[in-house]
Amino acid sequence: MEKPKISVIIPVYSAEETLNRCLDSVLCQTLPEIEIICIDDASTDGSCEILHNYASADKRIKLIEFTENKGAAVARNSAINISKGEYLGFVDSDDYIDKDFYLDLYMNSDSGKAEIVKGPNFEVVSLIGHKAIDVVNDRIRQFRTLFAQYQTAIFKRDFIIYNKLEFPCGFQVSEDAIFAKKAAILADKINIFDTGGRYHYARRADSLNSTYYSEKKYRTISPTFLQFWSSSMNIVQKLPAATTSHFLCSSLRRHTLYRYREMLILR
């Protein structure tokens, strides 16, 4: 296969109930030039066997296996390091995508000039099947530091490598938000569009992003918030224009405080 247009990265941990649906949705993409990197994070169920079966049947799939659980951040970073695609995309093993999802993203990359391409707002699918669109694109257009739903975007690989962007390790929540917002701050060109193939985000009771925060997850929120704030400010302060830095600092402050309040909702 020629150089992939997109490397699709899928971390997997004990997701046998949803993994087939996820992989099938990625394999049937109308953009054929993709590679799919699956990382088994020492699953305790049949996920690894499922991955081996799919990898044997489709040469586009690369499989990384961890012998001990290292977390989604390490899994994604490991896949980024071996990826070959022009762009990087990320899918969670609970979720699934429409067949034109990556074709639409790639076709909106302005012939590869955009460092980030953000597609339609994702659809949230509840445990009992209720569906709703989570609307974020309009506020991202206004303030790029409010960048969210990184799964609905693709990121230029050379841009990620050049800026040494990675998912921070050791957090129970928000490592993806740190990655996405750093990328948005540094990118020169972000293309956003609202119609086309959609990402379907499945809520799960034991998901790390569930609204039901355990005490263990809660204890990680404050350090995550503080590290995100610190690392983001380090980037903003290096920007050349003082006015731009002031604007980004202001919008970042609003968003991080908003997200922090969201995280404090416990049940």
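Taken together, the values in this text are just the output of simple stated rules run on the coordinates, not laboratory data. All figures in this text were calculated on a predicted structure; none of them were measured in a lab. Methodologically, a virtual Cβ is constructed for each residue, glycine included, from the backbone with ideal geometry; neighbour enumeration extends over all protein chains shown.
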Translational D (Stokes-Einstein, µm²/s) of the stretch 6-207 at 37 °C and 0.692 mPa s when Rh comes from the Kirkwood sum over C-alpha pairs? 194 µm²/s
Starting at the first residue of the stretch 77-94, write each ³J(HN,Hα) from the Karplus equation 6.51 cos²θ - 1.76 cosθ + 1.60 with θ = phi - 60°, in whole Hz, x for Gly and Pro. 4, 4, 5, 4, 4, 9, 5, 10, x, 5, 10, 10, x, 10, 10, 8, 5, 7
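How would you rank Ser174, Ser56, going from fewest to most other Cβ atoms within 10 Å of each one's own Cβ? Please report the intermediate quantities before stating the final value.
Working: Ser174 22, Ser56 10.
The order, fewest Cβ neighbours first, is Ser56, Ser174.
With 10 angstrom as the radius, rank Thr30, Thr145, Thr152 by how many other C-beta atoms surround their C-beta, starting from the fewest. Can you show the working numbers first?
On the way: Thr30 12, Thr145 21, Thr152 26.
Ranking Thr30, Thr145, Thr152 by Cβ neighbours within 10 Å, fewest first, gives Thr30, Thr145, Thr152.
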Enumerate the amide H contacts of Ile61 below 5 Å, restricted to partners 5 or more residues apart or on another chain; note that Pro and chain-start residues carry no placed amide H. Ile36
Skipping prolines and chain starts, which residues have an amide H placed within reach, meaning under 5 Å, of the one on Tyr96, given they are 5 or more residues away or on another chain? His200, Ala202
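Quote the Stokes-Einstein diffusion coefficient, in whole µm² s⁻¹, for the stretch 1-48, based on the Kirkwood radius over alpha carbon pairs, a temperature of 37 °C and a viscosity of 0.692 mPa s.
On the way: Rh = 11.6 Å.
D, rounded to a whole number, is 283 µm²/s.
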Give me the extension gain from Lys99 to Asp194: residue separation times 0.36 nm, minus the current Cα-Cα distance, reported in nm with one decimal. 32.6 nm
From the backbone phi of the stretch 177-192, what are the Karplus-calculated ³J(HN,Hα) couplings (6.51 cos²θ - 1.76 cosθ + 1.60, θ = phi - 60°) in whole Hz, Gly and Pro given as x? 5, 4, 4, 5, 6, 4, 4, 5, 5, 8, 5, 7, 9, 10, 9, 10
Based on other C-beta atoms within 10 Å, arrange Val117, Val8, Val91 from fewest to most. Val91, Val117, Val8
